[in-house]
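Note sheet for the following structure.
The values are calculated or read from the model by the stated rules, or taken from the named source; none is laboratory data. The structure presented is a predicted model; accordingly, all values stated were derived computationally and were not measured. FYI the Cβ positions are ideal-geometry reconstructions off the backbone, even for glycines, and counts take in every protein chain you see. With ligands, DNA and RNA removed, areas are computed over all heavy atoms of the protein, side chains included. Shrake-Rupley method; radii C 1.70, N 1.55, O 1.52, S 1.80 Å.
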Amino acid sequence: MRRVLLTLAVLGGLGLAGAAAVVGFGLYNVSAQVGHLPGVSWVLHTTFRNSVSLRALAPEEVPPLDDPDLIALGAGHYATACAMCHGAPGETQSATVRAMVPAPPPINEAVAHWEANELHWIVENGAKMTGMPAWPVGARGDEVWAVIAFLESIKRDTAPRMPSPTLTGTAYCQSCHGDIGGPVPQLDIQSAEYLEAQLDAYLTGERPSGIMAQAATRVPKDSFAELAEAFSAKPANPDPVPGEGPGAALARQGTRDVPACLACHGGQDPSKGPRLFGQNEAYLVAQLKLWRDGTLDHDALMAAAARDLTTEDIKTLSRYFAGVGR
Ligand code: HEC
Ligand code: HEC
Ligand code: HEC
């Protein structure tokens, strides 16, 4: 028994010394030209696959992914955030990217082996030591679905054309804000001050969005004021008539601690809150859930106003605001 223990201790010691030598003397060749030792790639890939399967959301939690606006939004993000490594669908990748170890698979191949829930985990989390980046902000798994909707359309061979990744300035912003509805907000109903403040908040991360953080870092910071001016409301929108019905009643209600939605969003004074009348319904639903769930908290009164809303309230209010003043 003692002899067995002694042998194990000696072997353990030799193993540690060997590992220390590999690390300390640089014996493992990290050159990407020679690739991994046999077996190492297999270990890494198997670990990756099992790690993703273990952690991905359940397949039942995948939302509907066939909305054309959602797919177009995903395509817009993919064009500047992913295509430089995985290429556009069916396009060749650059020689430099193909020399990465591991090399990013061409997108048609990358999507083939994974289900939507697994793709969502990969795109939100990235993969350490491979070059595959994580989503730029935390707690926004909701907006990652746009990219997954685009990836699923690649699987079905129905992917729309991506906007060109070389667009700059207003044409770049317009590729999402001009052409896509649903989850992409309309900007031309807001004041320039509000729009500029949002761009700053996306850049610092105070307002978390991986999609807009990417967009805000692709234009010079000192062009924010000019972009905000270009997209803002002109001439000033006429005051809409708030209307009647269950949505209007909720919007007028308020609580003991918080004023009614219409006190800040009624359009009287844009400095009290952004305009919601005529905004896209899907965008309003998504933002209200983020405020309700505490992901957005950069305005204390707005956060308090949303805290106790039920999902049904959120749908009723969003339908109401989207429908007024168009
Ligand atoms: C800097 C380069 C780079 C960028 C940018 C990048 N990826 Fe990757 N991606 C990789 C690498 C490298 C891998 C890992 C390949 C491996 O382990 O075999 C990977 C893996 C993946 C996989 C898993 C494929 C597989 O079977 O291994 C998917 C899906 C994927 N990326 C999608 C995306 C999407 C969507 C984006 C944009 C949001 C993106 N990637 C951005 C480099 C990149
Ligand atoms: C890939 C599509 C895409 C591009 C490109 C894009 N946006 Fe956005 N934008 C979005 C989405 C999606 C949101 C909502 C993000 C969120 O959840 O906060 C948004 C939100 C905004 C908001 C906040 C609006 C509000 O009502 O609070 C502003 C301001 C904005 N974008 C301006 C711009 C400007 C300026 C550019 C160009 C530099 C730009 N965007 C480029 C998709 C895009
Ligand atoms: C005390 C004023 C106040 C009240 C009350 C209030 N809000 Fe807000 N709300 C704001 C402000 C200010 C913002 C913008 C915060 C920021 O991002 O700078 C905002 C943002 C929003 C947004 C996001 C708009 C966009 O373009 O991104 C929605 C949606 C919204 N509020 C809906 C509501 C609803 C519905 C209610 C009632 C349940 C409500 N708000 C009550 C002040 C208020």
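Within the set Val34, Val22, Val40, the sole residue that is more than 30 Å from Ala171 (Cβ to Cβ), without any contact (Cβ under 8 Å) to a residue 60 or more places away in the chain, open to solvent by less than 50 Å² (accessible area, probe 1.4 Å) and not assigned by TED's automatic domain parsing to the domain that holds Asn125 turns out to be Val40.
If I go through segment 187-243 residue by residue, how many of them are in a helix (DSSP H, G or I) and among the β-branched types (Val, Ile, Thr)?
So in segment 187-243, the residues in a helix (DSSP H, G or I) come out as 192-204, 210-216, 221-231.
So of that shortlist, the ones also among the β-branched types (Val, Ile, Thr) come out as 204, 211.
Residues that pass the stated criteria total 2.
The residue pairs whose first member lies in segment 249-267 and is away from ligand 1 (no atom under 16 Å from the Cβ), whose second member is open to solvent by 50 Å² or more (accessible area, probe 1.4 Å), and whose beta carbons are closer than 7 Å, counting only pairs six or more residues apart or on different chains, are Val258/Leu301; Ala260/Arg252; Ala260/Gln253; Leu262/Arg252; Cys264/Lys272; Gly267/Asp239. Being at negative phi, part of a helix (DSSP H, G or I), free of Cβ contacts under 8 Å to residues at least 40 places away in the same chain and near ligand 1 (Cβ under 8 Å from one of its atoms) is a property that Leu54 lacks. Against the conditions (1) closer than 26 Å to Ser232 by Cα; (2) open to solvent by less than 60 Å² (accessible area, probe 1.4 Å); (3) of a type in the set (Ser, Thr, Tyr), Ser153 satisfies every one except (1). When Pro63 is tested against (1) assigned to a helix (DSSP H, G or I); (2) open to solvent by less than 50 Å² (accessible area, probe 1.4 Å); (3) out of contact with any Lys or Arg (no Cβ under 9 Å at 6 or more places or on another chain); (4) more than 7 Å from ligand 1 (Cβ to nearest atom), exactly one condition is not met: (1).
Checked against the criterion of being of a type in the set (Gly, Ala, Ser) and farther than 30 Å from His265 by Cβ, segment 181-194 has no qualifying residue. Scanning segment 79-115 for residues that are in contact (Cβ under 8 Å) with a residue 60 or more places away in the chain, in a loop (DSSP other than H, G, I, E, B) and not small (Gly, Ala, Ser) yields Cys82, Pro89, Met100, Val101, Pro102, Trp114. Test of understanding: among Ala248, Ala228, Ala260, which residue is among the hydrophobic types (A, V, I, L, M, F, W, C), open to solvent by less than 30 Å² (accessible area, probe 1.4 Å) and closer than 27 Å to Cys176 by Cβ? Going through Ala248, Ala228, Ala260 in turn, just one is among the hydrophobic types (A, V, I, L, M, F, W, C), open to solvent by less than 30 Å² (accessible area, probe 1.4 Å) and closer than 27 Å to Cys176 by Cβ: Ala228. Which residues, counting only those in segment 163-177, are in contact (Cβ under 8 Å) with a residue 40 or more places away in the chain, part of a loop (DSSP other than H, G, I, E, B) and open to solvent by 40 Å² or more (accessible area, probe 1.4 Å)? Hits for segment 163-177 are Ser164, Pro165, Thr168.
When segment 116-140 is limited to residues that are in contact (Cβ under 8 Å) with a residue 40 or more places away in the chain and among the small types (Gly, Ala, Ser), the one that is nearest to ligand 1 (Cβ to nearest atom) turns out to be Gly131. Within segment 273-291, residues that are near ligand 2 (Cβ under 10 Å from one of its atoms) have Cβ atoms under 7 Å from residues that are open to solvent by 30 Å² or more (accessible area, probe 1.4 Å) and charged (D, E, K, R) in these pairs: Ala286/Asp142, counting only partners at least 6 apart in sequence or on another chain.
Against the conditions (1) open to solvent by less than 60 Å² (accessible area, probe 1.4 Å); (2) within 16 Å of ligand 1 (Cβ to nearest atom); (3) among the polar types (S, T, N, Q), Thr217 satisfies every one except (1). Quick one: in segment 295-326, of everything that is open to solvent by 70 Å² or more (accessible area, probe 1.4 Å) and touching a residue at least 12 places away in the same chain (Cβ under 8 Å), which residue is farthest from the chain's Cα centre (by Cα)? My answer is Arg326.
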